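Enquirer: Following this message is one structure expressed as structure tokens.
Nothing in this text is a laboratory measurement; each read-out follows from the coordinates by a stated rule. Because the structure is predicted, anything quoted here is derived from the model rather than measured. So basically every Cβ, Gly included, is an ideal-geometry build from the backbone, and we count neighbours across all protein chains shown.
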Amino acid sequence: MDTVSADWLEHNREVLADFRPGPKATPLGRVERVSDGIALVTGLPDAKLNELLRFEGDRLGFVLTLDPDSIGAVLLDDGDAITASSQVTCTGKEIEVPVGPGLLGRVVDSLGRPIDRDEPVTAETHMPIERAAPAIIDRDLVTQPLETGILLVDALFPIGQGQRELIIGDRAMGKTSMALDAIINQQHSNVICIYVAVGQRATAVQRAVETVRQHGALDRCIFVVALASDSPGLQWIAPFSGMTMAEYFRDRGMHALIVIDDLTKHAATHRELALLTREPPGREAYPGDIFYLHARLLERAARLCAAKGGGSLSALPIAETDAGNLSAYIPTNLISITDGQIFLDSGLFAANQRPAVDIGLSVSRVGGKAQIPALRNVAGRMRLEYAQFLELEIFTRFGGLTDAHIKAQVMRGKRIRALMTQPRTTLLRPVDEVALLEALAQGVFDAYPVECLQTLHGLIGAHLDAYGPAPLRNVFDAHGELDKTMRSELVEGVRRLIARVAGDAAPESP
Ligand SMILES: Nc1ncnc2c1ncn2[C@@H]1O[C@H](COP(=O)(O)OP(=O)(O)OP(=O)(O)O)[C@@H](O)[C@H]1O
Ligand SMILES: [Mg+2]
């Protein structure tokens, strides 16, 4: 026997000599009752809030409520195999999800398990889904724009990196479309996107993934999906899981955008679980902690200061209203938590305005500072003109007013509205947006029928690339301003485009 083996043997003999076998206590809990994705468990006095529990048959659940003699546990896997008297053990761990760039381009469930294909996700590490929001001292002002590519939003309700902007409106008003447009537009930026689907149908999620894939933005995106058919537990944790995956990028000095589609369904799941665990119901039968739940979730979106890497996490939570009722419990909560809201109105949608944003009820409270100055200048003028037009339109609807000045205002207003009507996924760069609004302000469109403006969004990018000012990349100076010659060149570009469009639309008779 060589010396290495002899040493090894000697060492292990010593270890064995010191070993004293004895009983080790593992608290074993017992399921008293199980129904609707909730299990009432007794016999685990050391269980902690949000701790992961392991049920018989390797099923997972977590602690939602702690009562003096029992705990309310939420099942994460299907609970068919779990019955009264099943055994439960504590794991001593919180719920964790895989994080890292390996998740980009993947579709995962709330626990980070892949659902797009069999290949496992490569995680850099695992992080708990509940993490504290950055302290005030670690935050910085929102100064960088988050461009959505949607003219109306970028011009009137600009969003900054680190901002939380609520997208709210009735069913099928284009909420998801707006958020997906914002995600697709990030393929031209350095922002990574996380789309969280809560309580949706599988076909709706498939459509969303497909839309993003078709526009080549999937590689910068993570989809976290908890379908309506999944357990309430998985739906409950999905926004938190998505937030943790997004924070990985924020904490490394990168920029991320999270879309949560939608928090109304998340609130309903929370209410369901709370009622099943016998928490006292409050307003609209929601438990009292629903505000805190969503506040602590959205508070994690932030722009960090330079000492913390200068990363940012912006959030576009989505909420659904019932018959446009903004003063219901969940909408008012979310409006007061976020830094502004974009309200989609059913009347405007019915009038064929897409996106159907209600200018009066929408607001962006912090993004204005981050807007490119060149865009801010033209957008300010346009906002005023448009607001005046909306007032005037009511009076002039029945004809009557013939004042030339008012007629001109109405005519301009109609062109603004046509320009704000933008088809899905025809996204604009800041330079396109500035060019269109400058041309509008200079009256370039006044001579053309409103219909000609409808196709501009899809054409302007390629047109400016071909005929616009030569170094299109450096149109804006270091301060984000536009110099005079650039401005007139851009307007000239738009003038040529609208003339071409009008020429195609109505070929002149010989
Ligand atoms: N800018 C747009 N241009 C044209 N059509 C649009 C636009 N935005 C949305 N739509 C259409 O409106 C419909 C509803 O859109 P979407 O599914 O995004 O709404 P939603 O508010 O998310 O609906 P739900 O409440 O079902 O989640 C879709 O058919 C979509 O194609
Ligand atoms: Mg939707």
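Enquirer: Helix 232-250 sits at what angle to the longest principal axis of the chain, using alpha carbons and giving 0 to 90 degrees rounded to 10?
Expert: So the inclination is approximately 70 degrees.
Enquirer: Computed over the Cα atoms of the chain, what is the ratio Rg over Rh, Rh following Kirkwood? Provide the component values of the computation, followed by the final result.
Expert: Numbers: Rg = 27.9 Å, Rh = 25.6 Å.
Rg divided by Rh gives 1.09.
Enquirer: Quick check of the Kirkwood formula: for the stretch 192-233, what is the inverse mean of 1/r over all pairs of different Cα atoms, in Å? Don't skip to the end; give the middle numbers.
Expert: Values: mean 1/r = 0.0935 Å⁻¹.
Its Kirkwood hydrodynamic radius stands at 10.7 Å.
Enquirer: What number comes out for the charge environment of LEU348, summing +1 per Lys or Arg and -1 per Asp or Glu over other residues with Cβ under 13 Å away? Spell out each step's value before the answer.
Expert: Details: positive: ARG354, ARG417; negative: ASP170, ASP345, ASP358, GLU393.
Cβ neighbours under 13 Å give a net charge of -2.
Enquirer: Pop out the ³J(HN,Hα) list for the stretch 282-293 in order, Karplus 6.51 cos²θ - 1.76 cosθ + 1.60 with θ = phi - 60°, rounded to Hz; leave Gly and Pro as x.
Expert: x, 4, 6, 6, 6, x, x, 8, 5, 5, 4, 4
Enquirer: Here's something else I'd like to know. So what does log10 I(q)/I(0) come out to for the stretch 98-371 at q = 0.08, 0.10, 0.17 Å⁻¹, using the Debye formula with one equal point on every Cα and no solvent?
Expert: -0.29, -0.46, -1.46
Enquirer: What does the charge add up to near PRO120, with Lys and Arg as +1, Asp and Glu as -1, over the other residues with Cβ less than 15 Å from its Cβ? Display every interim value, and only then the final one.
Expert: On the way: positive: ARG106, ARG113, ARG117; negative: ASP109, ASP116, ASP118, GLU119, GLU124.
With Lys, Arg at +1 and Asp, Glu at -1, the neighbours total -2.
Enquirer: Based on other C-beta atoms within 10 Å, arrange ILE258, ILE150 from fewest to most.
Expert: Details: ILE258 31, ILE150 25.
In order of increasing Cβ crowding within 10 Å: ILE150, ILE258.
Enquirer: Can you give me the C-alpha center-to-center distance between the stretch 442-457 and the stretch 315-330, rounded to a whole angstrom?
Expert: 34
Enquirer: How do 234-241, 128-135 rank on mean C-beta neighbours within 10 Å, highest first? Mind showing how you got there, number by number?
Expert: Details: 234-241: 25.9, 128-135: 15.6.
In descending order of packing, they fall as 234-241, 128-135.
Enquirer: May I pose another question? What ratio of Cα Rg to 2.2 N^0.38 Å holds for the stretch 96-192?
Expert: Normalised by 2.2 N^0.38 Å, the Cα Rg of the stretch 96-192 equals 1.32.
Enquirer: Taking a spot 7 Å from the Cα of LYS369 along the direction of its beta carbon, which residues of the stretch 286-324 have an amide N less than 12 Å from it?
Expert: Correct set: 303.
Enquirer: Right, here's the next one. Find out how many positive minus negative residues lie around VAL196, taking Lys and Arg as positive, Asp and Glu as negative, among other residues whose Cβ is under 12 Å from that of VAL196.
Expert: Values: positive: LYS265; negative: ASP109, ASP261, ASP262.
The answer is -2.
Enquirer: Also, quick follow-up: When the helices in the chain are scored as -39500 (n - 2.57) per DSSP H run of 4 or longer and the sum is shared across all residues, what 222 nm value do you end up with, to the nearest 500 deg cm²/dmol?
Expert: Numbers: 14 runs with 189 residues, N = 510.
Calculated from helices alone, the mean residue ellipticity at 222 nm is -12000 deg cm²/dmol.
Enquirer: Scale the Cα Rg of the stretch 254-341 by the rule-of-thumb value 2.2 N^0.38 Å and send over the ratio, two decimals. Let's see the in-between values first.
Expert: Working: Rg = 14.9 Å, N = 88, 2.2 N^0.38 = 12.1 Å.
After normalising by residue count via 2.2 N^0.38 Å, the value is 1.23.
Enquirer: Measure of size requested: the Rg and Dmax of the stretch 312-411, with Cα atoms as the atom set and Å as the unit; please supply both.
Expert: When restricted to Cα atoms, the stretch 312-411 yields Rg and Dmax of 16.8, 53 Å.
Enquirer: Gap in Å between the Cα centre of the stretch 216-288 and the Cα centre of the stretch 3-22?
Expert: 51
Enquirer: Here is a further query. Using only the alpha carbons, work out the radius of gyration and Dmax of the stretch 6-152 in angstrom.
Expert: Rg then Dmax for the stretch 6-152, in Å: 22.4, 79.
Enquirer: Which aspartates and glutamates does LYS265 reach when only Cα atoms under 12 Å apart count, and residues fewer than 8 places away in its own chain are ignored?
Expert: GLU320
Enquirer: Percent antiparallel among DSSP beta bridges with both residues in the stretch 98-371, to the nearest 5?
Expert: Working: 10 of 40 bridges.
Here the share of antiparallel DSSP bridges comes out near 25 percent.
Enquirer: Using the per-residue mean of other Cβ atoms lying within 10 Å as a proxy for protection, in what order, highest first, do the peptides 58-65, 189-196, 136-143, 446-453 fall? Each step should come with its number before you reach the end.
Expert: Values: 58-65: 19.4, 189-196: 22.9, 136-143: 13.6, 446-453: 15.2.
By packing density, highest mean first, the sequence is 189-196, 58-65, 446-453, 136-143.
Enquirer: Quick one: Kirkwood hydrodynamic radius for the stretch 376-510, alpha-carbon pairs, angstrom, one decimal? Let's see the in-between values first.
Expert: Numbers: mean 1/r = 0.0629 Å⁻¹.
When all Cα pairs of the stretch 376-510 are included, the Kirkwood radius is 15.9 Å.
Enquirer: So, one more: With angles folded into 0 to 90 degrees, how steeply does helix 404-420 sit against the dominant principal axis of the chain? Use alpha carbons for both and round to 10.
Expert: 30
Enquirer: Separate question: Convex hull over the alpha-carbon atoms of the stretch 27-93: what's its volume per residue in Å³?
Expert: On the way: hull volume 4.6 nm³, N = 67.
Dividing the Cα hull volume of the stretch 27-93 by its residues yields 69 Å³.
Enquirer: For the stretch 64-104, compute Rh as the Kirkwood radius over C-alpha pairs and then the Stokes-Einstein diffusion coefficient at 4 °C and 1.567 mPa s; write the answer in µm²/s, rounded to an integer. Working shown, then result.
Expert: Details: Rh = 13.5 Å.
Once the numbers are plugged in, D ends up at 96 µm²/s.
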